[in-house]
Amino acid sequence: MCGIVGYIGSREAGEVLLQGLKRLEYRGYDSAGLAVLANGQVQLRRSVGKLSALAAVLERQPVTGHVGLGHTRWATHGRPSEENAHPHASCHGEIIVVHNGIIENYPALKQTLLADGHRFQSETDTEVLAHLIEKYFQGDLLSAVRQALAHVQGSYALGVIARDDPHRVVAARQDCPLVVGFGSGEFFLASDVPPLLPYTRRMTFLEDGEIAVLTPEGVQLWDAQGRSVDRSPLEIAWDRRLAEKGGFKHFMLKEIFEQDRAIQDTLRGRFTSHPWRVQLDEAGLDVETAQRLQQVIIVACGTSFHAGLIGRILCETWGRLPVTAEIASEFRYRSPFLDDRTLLVVVTQSGETADTLAALREGKRRGARCLAICNVVGSSATREAHAVLYTHCGPEIGVASTKAFSGQLTTLTLLALYLGQARGTLTESDAEIILQALVRIPKMVRLVLERHPAIEAIARQFAKRSHFLYLGRHVNYPIALEGALKLKEISYIHAEGSPAGEMKHGPIALIDETMPVLMLATRSSVYEKLLSNVQEVRARGGVVIAVATDGDERIAAEAQHVLWVPEVMEWLSPIVNVIPLQLLAYHIAVLRGCDVDQPRNLAKSVTVE
Ligand code: AGP
């Protein structure tokens with residue numbers, strides 16, 4: 001996610017902005033910039049890479065003035081470059097904008113503005129905002145911002161200043177956090193709390209649809225209907241480290257709780273609802289190419305491989321073609337049959353995993369069409385694949401992957417739907433039913449997150465165990481693997497995932513009262529079999545913790561503990577069922593005193609083989 005800082009007051013804005021951006025570095029970024037107003041001039045400075053590069057630019061070309069905006073960019077549209085770095089300016093540089101979020105309808109807006117004679121400098125979606133505000137600016141920045149936003153669809157945390165209205169900073173929020181800080185005779189804007197803490201603890205968090213105007217005299221707020229809002233600032237007691245995690249104890253917990261938004265942002269702009277259809281132009285698979293495909297091979301490592309296993313079932317079911325999912329490090333030792341009618345999909349949060357990159361290069365060498373599903377713009381996988389589907393999850397800092405996994409599942413579901421549509425193997429009505437269920441998933445995820453305390457209570461009972469067995473079937477067998485991986489990688493407890501149908505072929509020998517069994521047993525086409533698996537475990541003195549559908553009394557009668565989840569379509573149940581397993585692993589690891597965000601021996605990205 002991008003980082004925003006704004007300032008108006010009596011200090012030198014340049015220094016306040018640079019220090020503020022430094023306090024947002026933990027969010028991850030690939031470029032940075034700032035703009036300061038003084039004497040009817042806009043001083044704009046931007047650089048690619050770390051803030052030290054921006055500081056060097058400021059050394060060479062200092063800025064002066066008391067009003068300004070700063071930004072650290074996490075690229076979503078347009079590669080990391082100085083031209084694409086924020087702040088962005090209007091044609092003559094008189095309107096300056098910084099933005100976090102995604103402007104869904106920016107192609108149409110850009111086309112209209114180009115036709116009106118506006119000249120663009122960057123590839124970003126954000127720049128359309130600067131030109132749109134310029135179009136409506138007639139001396140009153142607040143009015144121009146309001147008129148511009150009336151045409152915008154998407155998510156934004158926005159800061160705007162204007163050369164010809166120099167005593168105001170205008171801010172607006174829709175789906176992306178933005179906080180206003182209240183100093184004495186000076187006021188601050190930021191995407192998050194840390195940049196404000198050195199100056200004030202009095203803050204207000206903008207609500208969706210709200211607009212704020214900061215002047216040296218104070219702050220005015222308006223709601224989405226344009227009514228004035230009178231809200232006293234809160235007193236924020238967080239220290240800096242807590243503030244960097246948004247008040248959560250660990251980045252992993254923060255990222256678990258960001259999953260509803262990660263799914264929402266990954267879905268954004270990738271489907272229409274009249275008619276209900278997936279739009280995945282960025283996948284580089286036109287209808288004819290999709291129809292010519294003879295196979296799909298999904299290749300990944302770790303958590304991303306588990307997402308690939310689910311993507312395999314969905315692509316095969318809706319796309320009606322052979323699909324395999326392979327561990328990248330093993331794929332390389334095969335002599336795979338690939339050609340230009342093969343779609344090779346590499347799934348990778350970082351885009352830098354050595355084994356996955358090797359598989360991508362092998363696939364390209366053999367002539368396959370290569371598609372990357374990735375969370376990091378400009379990473380190696382995105383530069384080497386023929387096409388990219390980004391998961392718009394924002395930086396994932398915890399080593400244990402959580403929100404990226406949800407973004408991967410969402411993207412693979414969209415890809416499977418797209419294949420079905422393009423190949424004519426999924427009816428319009430089925431596609432509509434699935435898409436309507438998919439857009440409801442963020443709400444379902446929020447429901448499970450709200451049950452966090454009950455999951456923590458179960459973690460307390462099992463934190464001292466030494467072995468766990470995770471069992472699931474069909475689309476939830478990979479969730480058994482993922483739940484086991486989450487537990488082992490952050491709590492160092494031995495945990496094994498297995499198909500529930502394999503119990504009699506070995507794992508059942510492990511069952512006794514010391515080995516808790518996590519059973520993915522939500523309502524599904526394989527529910528009866530799962531129920532009998534639960535009974536088999538109980539009959540051998542085992543302890544069952546079941547992930548079950550709200551209201552399922554049969555499971556409640558059999559399992560000693562239940563992690564309840566709302567009913568969702570079976571195909572989409574993995575996205576919801578994984579949440580309680582992430583939280584269970586997290587709490588057990590915390591109770592065991594483990595370093596949750598940086599577990600021993602692990603790296604966030606395995607860039608070596
Ligand atoms: C998952 O929690 C781990 N961090 C690890 O398995 C990870 O998924 C794997 O290394 C793949 O990383 P990538 O998605 O960045 O390629």
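The values are calculated or read from the model by the stated rules, or taken from the named source; none is laboratory data. Because the structure is a prediction, the values reported are computed rather than measured. Ideal geometry is used to build each Cβ from the backbone, glycine not excepted, and the neighbour counts take in all protein chains shown. All accessible areas refer to the heavy atoms of the entire protein, side chains included, with ligands and DNA or RNA removed. Shrake-Rupley method; radii C 1.70, N 1.55, O 1.52, S 1.80 Å.
What the table shows:
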| read-out | value |
| --- | --- |
| Identity of the residue in the stretch 420-456, among the small types (G, A, S) and assigned to a helix (DSSP H, G or I), that ends up farthest from L583 (Cα to Cα) | A422 |
| Helices (runs of 4 or more DSSP H) contained entirely in the stretch 228-277, each with at least 2 residues that are surrounded by fewer than 19 Cβ atoms within 10 Å (Cβ to Cβ) | 240-244 |
| Counted residues, the stretch 536-580 - those being within 33 Å of the chain's Cα centre (by Cα) and not in a helix (DSSP H, G or I) | 18 |
| Test: residue in the stretch 330-351 that is among the β-branched types (V, I, T), over 23 Å from E432 (Cα atoms) and in contact (Cβ under 8 Å) with a residue 60 or more places away in the chain | yes |
| Residue within the stretch 527-550 that is free of Cβ contacts under 8 Å to residues at least 12 places away in the same chain and either touching a Phe, Trp or Tyr at 6+ places or on another chain (Cβ under 8 Å) or crowded, with 17+ Cβ neighbours inside 10 Å (or both) present | yes |
| Failed item in (1) open to solvent by 40 Å² or more (accessible area, probe 1.4 Å); (2) part of a helix (DSSP H, G or I); (3) in contact with a Ser or Thr (Cβ under 9 Å, 6 or more places away or on another chain), with E82 passing the rest | (2) |
| Residue list for the stretch 389-446, filter: over 14 Å from the mean Cα position of the chain (by Cα), under 16 Å from A262 (Cβ atoms) and either away from the ligand (no atom under 16 Å from the Cβ) or open to solvent by 10 Å² or more (accessible area, probe 1.4 Å) (or both) | T413, L414, L438, V439, R440, I441, K443, M444, R446 |
| Any hit, the stretch 223-235, residues being modelled with pLDDT of 90 or more, more than 25 Å from V67 (Cα to Cα) and out of contact with any Lys or Arg (no Cβ under 7 Å at 6 or more places or on another chain) | yes |
| Every residue from the stretch 447-484 that is of a type in the set (A, V, I, L, M, F, W, C), open to solvent by less than 40 Å² (accessible area, probe 1.4 Å) and within 24 Å of the chain's Cα centre (by Cα) | V448, L449, I455, V475, I479, A480, L481, A484 |
| Any hit, the stretch 410-419, residues being part of a loop (DSSP other than H, G, I, E, B) and more than 23 Å from V448 (Cβ to Cβ) | no |
| Count - residues of the stretch 85-105 that are touching a Ser or Thr at 6+ places or on another chain (Cβ under 8 Å) and free of Cβ contacts under 8 Å to residues at least 60 places away in the same chain | 3 |
| Of all residues making up the stretch 343-354, the number that are crowded, with 24+ Cβ neighbours inside 10 Å and not in a loop (DSSP other than H, G, I, E, B) | 6 |
| Residue satisfying all of: in the stretch 284-302; closer than 18 Å to L338 by Cβ and assigned to a helix (DSSP H, G or I); least open to solvent (accessible area, probe 1.4 Å) among these | A290 |
| Identity of the residue in the stretch 64-79, in a loop (DSSP other than H, G, I, E, B) and at pLDDT below 95, that ends up most open to solvent (accessible area, probe 1.4 Å) | R79 |
| Search result, residues across the stretch 560-609 that are closer than 30 Å to I433 by Cβ and free of Cβ contacts under 8 Å to residues at least 60 places away in the same chain | V562, E567 |
| One residue from Q43, Q19 being out of contact with any Cys (no Cβ under 6 Å at 6 or more places or on another chain), polar (S, T, N, Q) and in a helix (DSSP H, G or I) | Q19 |
| The stretch 343-357, subset more than 21 Å from the chain's Cα centre (by Cα) and away from the ligand (no atom under 12 Å from the Cβ), residue nearest to G308 (Cα to Cα) | L344 |
| Meets criteria (within 24 Å of the chain's Cα centre (by Cα), more than 16 Å from the ligand (Cβ to nearest atom), assigned to a helix (DSSP H, G or I) and not aromatic (F, W, Y)) for L583 | no |
| Sole residue being of a type outside the set (A, V, I, L, M), assigned to a helix (DSSP H, G or I) and modelled with pLDDT of 95 or more, chosen from K488, K504 | K488 |
| Members of the stretch 203-238 that are farther than 15 Å from L178 by Cβ and in contact (Cβ under 8 Å) with a residue 40 or more places away in the chain | T215, P216, G226, W238 |
| Residues located in the stretch 491-501, provided they are surrounded by fewer than 24 Cβ atoms within 10 Å (Cβ to Cβ) and assigned to a helix (DSSP H, G or I) | G501 |
| Evaluation of G367 against (1) away from the ligand (no atom under 13 Å from the Cβ); (2) surrounded by fewer than 24 Cβ atoms within 10 Å (Cβ to Cβ); (3) assigned to a helix (DSSP H, G or I) (one fails), failing number | (3) |
| Residue tally, condition near the ligand (Cβ under 9 Å from one of its atoms) and in contact with a Ser or Thr (Cβ under 8 Å, 6 or more places away or on another chain), over the stretch 593-606 | 3 |
| Count of the stretch 132-165 residues which are out of contact with any helix residue (DSSP H, G or I) (no Cβ under 9 Å at 6 or more places or on another chain) and closer than 15 Å to S90 by Cβ | 3 |
| Residues of the stretch 303-342 satisfying the condition of being among the hydrophobic types (A, V, I, L, M, F, W, C), part of a helix (DSSP H, G or I) and within 16 Å of the ligand (Cβ to nearest atom) | F305, A307, L309, I310, A328, F331 |
| Residue within the stretch 472-481 that is over 16 Å from A559 (Cβ atoms), out of contact with any Asp or Glu (no Cβ under 8 Å at 6 or more places or on another chain), within 16 Å of the ligand (Cβ to nearest atom) and of a type in the set (A, V, I, L, M, F, W, C) present | yes |
| Matching residues in the stretch 175-202 - criterion: being buried (at least 20 other Cβ atoms within 10 Å of the Cβ), under 21 Å from A224 (Cβ atoms) and in contact (Cβ under 8 Å) with a residue 40 or more places away in the chain | C176, L178, V180, L189, S191 |
